[in-house]
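The values are calculated or read from the model by the stated rules, or taken from the named source; none is laboratory data. Just so it is clear, the structure is predicted and the values come from calculations on it, not from any experiment. Every residue, glycine as well, gets a Cβ built from its backbone with ideal geometry; the counts of neighbours run over all protein chains shown.
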């Protein structure tokens, strides 16, 4: 009986582990946890634009070489976008603009080379740019997902389910989540700030893993409720301060004109008095 109970416990533990292959900024690569580009690197990893993960190093400060760029693109949904005549060229902003954005972006220094981290930041900053009606997300097979407070987290036989409002959304088998925790159980009560859904796929890096047949959340930004509210409040405060400053500037302008007129009148009065005195003396 004890053996059966132990087997059941191990089976449940294994199924839980299998359904919780969550990757975040701290685990996607071994050397980017404290990099300013960590969130952007995680996003590009989701899109399949950069390969490798886990124990591998990303080396965000290294110069992006043509070999790296070709290797990444050749294993991504954008492989066909790299023409033969561009292969082997030094990787600069102009080349990335041509390959990923059809040359649509207006760049100040298109010939400037970039580090691997700068590549991630540049591409992530323009991931929403439409080229022929598609963004990097939609070209990779994703669609905008739900946002809002995560009111419940449930572990089913097929994986985790996130409840947002009155709707339930499955979590992918290998999701990339921008969050402090990779444990879905912790997310209850937190804010789903942004998400992208798509058909579950094999692990983009190993080519193996479980498959789901339904649309699921593959990428998300999840923050503590208090932090999200604080950020929203800060934005409103900045907006309010900007309006107040504009009013003050306008009022300041008015006061300056009044001051100028007052000084002019005072000077005119002094001139008139002095002239009158001079006239009386004569």
From the options 155, 136, residue that is crowded, with 21+ Cβ neighbours inside 10 Å and farther than 16 Å from residue 220 by Cβ: 136
Among the candidates 28, 22, residue that is under 16 Å from residue 119 (Cβ atoms), outside the structural domain of residue 184 (by TED's automatic domain parsing) and at pLDDT 70 or above: 28
Checking residue 123 against (1) loosely packed, with under 14 Cβ neighbours inside 10 Å; (2) at pLDDT 95 or above; (3) outside the structural domain of residue 188 (by TED's automatic domain parsing), the condition it does not meet: (1)
Out of 110, 60, 77, sole residue that is under 30 Å from residue 216 (Cα atoms) and either at pLDDT 95 or above or touching a strand residue (DSSP E or B) at 6+ places or on another chain (Cβ under 9 Å) (or both): 60
Selection from region 44-57 of residues that are modelled with pLDDT under 75 and either under 19 Å from residue 121 (Cα atoms) or more than 21 Å from the chain's Cα centre (by Cα) (or both): 52, 53, 55
Odd one out for residue 187 among (1) surrounded by fewer than 20 Cβ atoms within 10 Å (Cβ to Cβ); (2) without any contact (Cβ under 8 Å) to a residue 40 or more places away in the chain: (1)
Single residue of region 34-62 satisfying the filter (loosely packed, with under 14 Cβ neighbours inside 10 Å and without any contact (Cβ under 8 Å) to a residue 60 or more places away in the chain) that is farthest from residue 115 (Cα to Cα): 55
Number of the exception - residue 129 against (1) under 14 Å from the mean Cα position of the chain (by Cα); (2) under 19 Å from residue 32 (Cβ atoms): (2)
Evaluation of residue 95 against (1) crowded, with 19+ Cβ neighbours inside 10 Å; (2) within 20 Å of residue 39 (Cβ to Cβ) (one fails), failing number: (2)
